[in-house]
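Structure record follows, encoded as structure tokens.
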């Protein structure tokens, strides 16, 4: 099984900033903040290891298929996250775009990721290839200051 590592290293009042490593490729990540009690849409998922799959139905899948055409095979979906459903890796810039998901960017700001679409277009084919060739697991590690 192929491995992807997300390292969370900074939490602000609004978001959690980190990196995602896929082989030798590293992109920035942004998630919601940690909360002891989950508040839907504004709480990040727990650290841990999750199988990555492709979700081929739903509103976001349709939206991304329209945006990316035949390149899009489904949403990058973290499976079996306790107390969460439909956790994706997707495009967005700030915590208001996450809804508990992981956003990717080329670089991180203090409370944002930049060039998110560019990062997504970079990592999407790599992750789909891993999913389709042996499977893929995403390990999320908390290293915040």
message: Just to be sure before I move on: is residue 21 outside any helix (DSSP H, G or I), within 23 Å of residue 134 (Cβ to Cβ) and without any contact (Cβ under 8 Å) to a residue 40 or more places away in the chain in the structure I sent?
response: yes
Hey, residue 7 at pLDDT 95 or above and surrounded by fewer than 16 Cβ atoms within 10 Å (Cβ to Cβ) or not: no
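Let's see how each residue does on (1) part of a strand (DSSP E or B); (2) crowded, with 18+ Cβ neighbours inside 10 Å:
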{"site": "40", "(1), (2)": "no, no"}
{"site": "52", "(1), (2)": "yes, yes"}
{"site": "61", "(1), (2)": "no, yes"}
{"site": "76", "(1), (2)": "yes, yes"}
{"site": "85", "(1), (2)": "no, no"}
{"site": "92", "(1), (2)": "no, yes"}
{"site": "104", "(1), (2)": "yes, yes"}
- request: Output the number of residues of the range 45-59 satisfying the condition of being touching a strand residue (DSSP E or B) at 6+ places or on another chain (Cβ under 6 Å), under 21 Å from residue 124 (Cβ atoms) and touching a residue at least 40 places away in the same chain (Cβ under 8 Å).
  value: 6
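Considering 36, 129, 142, which residue is free of Cβ contacts under 8 Å to residues at least 40 places away in the same chain, out of contact with any helix residue (DSSP H, G or I) (no Cβ under 9 Å at 6 or more places or on another chain), closer than 22 Å to residue 19 by Cα and surrounded by fewer than 18 Cβ atoms within 10 Å (Cβ to Cβ)?
Working: 36 fails: closer than 22 Å to residue 19 by Cα; 142 fails: free of Cβ contacts under 8 Å to residues at least 40 places away in the same chain.
Result of the check over 36, 129, 142: 129.
The values are calculated or read from the model by the stated rules, or taken from the named source; none is laboratory data. It should be emphasised that the depicted structure is a prediction, and the values quoted were computed from it without experimental measurement. Don't worry about glycine lacking a Cβ; one is built from the backbone with ideal geometry, like all the others, and counts go over all protein chains shown.
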